[in-house]
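Visitor: Below is one structure. I have some questions about it.
The values are calculated or read from the model by the stated rules, or taken from the named source; none is laboratory data. Bear in mind that the values here come from a model prediction, so they are computed numbers and not experimental data. Glycine gets a Cβ as well: all are built from the backbone with ideal geometry, and neighbour counts include every protein chain shown.
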Ligand code: SF4
């Protein structure tokens, strides 16, 4: 059962409450390079990114937000460390949310100025704690950035903002350690009802990062914890979005798009199924549909259609040809060389 959280508005997107889980990412261009940043955000919008975060390490980056905002269609979050003036400038230039670590902005007076600027425009603040940002005294108290230390750090930072009479807060509490991340979010979700931005930080390059993120984010969402997700990968931000939706689809939390299932191949396979499955996977990525469609790519005509009974459409390998099937029923035989084209044509008929 989903944990009930407070609703927080980020631009025109609502996080928390009864809303479905929102997918977000972060650009890896220099924010000061307005053209490249806009181009990357457009690419991310096209694959379903719903909120985008940009790093704001300089005043030039904070000023760039103004032009970037005019050209994009999704809410923008400014990510700020240390310099409170960058947070204020980002808000003034149109950021829809800021991500800060209140403890590293240089004292309560500076934090107060940031919170006042956010309050004036009703801009939510994400308190972003990670294992590397836990305060020295908490590290000493707990002997390292373990879940207790991270939760105490996050709560301390949240209370600082609440004391300034502001409650438009989102929390993240990430570690690169999957179990610590899960434990931290579980603990904090018992203490506060602010929406939680979940993810595994510094998860790594594609293969390992996808595994870590799927386990960490997947376990939390399965327990009803998490209102918005960011998959962190050392790679293309576009891939983060694709992985995020795969996680949501597999948990039944997102109900549209094409799911490709393919068999592992075995001694009955007489076609180059691995190549074909990869090609189908790649080509369906560009097909947008609001329906939920299951496509099967199977190695043999003997067991394939039966094994993929619940697929809407699929192909099953024979000798130099494939059998096209719909809902497990054979339709026609197609040549190996044009099997993918025919399958894609058939998918397009039902989207
Ligand atoms: Fe083997 Fe056929 Fe099953 Fe694929 S569908 S694993 S080829 S039996």
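Every residue, every condition in (1) away from the ligand (no atom under 16 Å from the Cβ); (2) assigned by TED's automatic domain parsing to the domain that holds residue 225; (3) surrounded by fewer than 17 Cβ atoms within 10 Å (Cβ to Cβ); (4) not in a helix (DSSP H, G or I), yes or no:
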position	(1), (2), (3), (4)
239	yes, yes, yes, no
287	yes, no, yes, yes
315	no, no, no, yes
330	no, no, yes, yes
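Visitor: Let me ask you something else. Is region 115-130 home to any residue that is at pLDDT below 95 and assigned to a helix (DSSP H, G or I)?
Guide: Within region 115-130 (the criterion being at pLDDT below 95 and assigned to a helix (DSSP H, G or I)), the answer is no, since none of the residues qualifies.
Visitor: Let me ask something else about it. Considering 225, 217, 229, 210, which residue is part of a loop (DSSP other than H, G, I, E, B) and either within 13 Å of residue 24 (Cβ to Cβ) or in the same structural domain as residue 50 (by TED's automatic domain parsing) (or both)?
Guide: After ruling out the rest, the residue left standing is 225.
Visitor: Only one of these conditions is not met by residue 277: (1) modelled with pLDDT under 95; (2) within 11 Å of the ligand (Cβ to nearest atom); (3) under 30 Å from residue 200 (Cα atoms). Which number is it?
Guide: It is condition (1) that residue 277 fails.
Visitor: Mind listing just one residue for me: the one in region 252-274 that is near the ligand (Cβ under 10 Å from one of its atoms) and touching a helix residue (DSSP H, G or I) at 6+ places or on another chain (Cβ under 8 Å) and, of those, nearest to residue 335 (Cα to Cα)?
Guide: This residue is 271.
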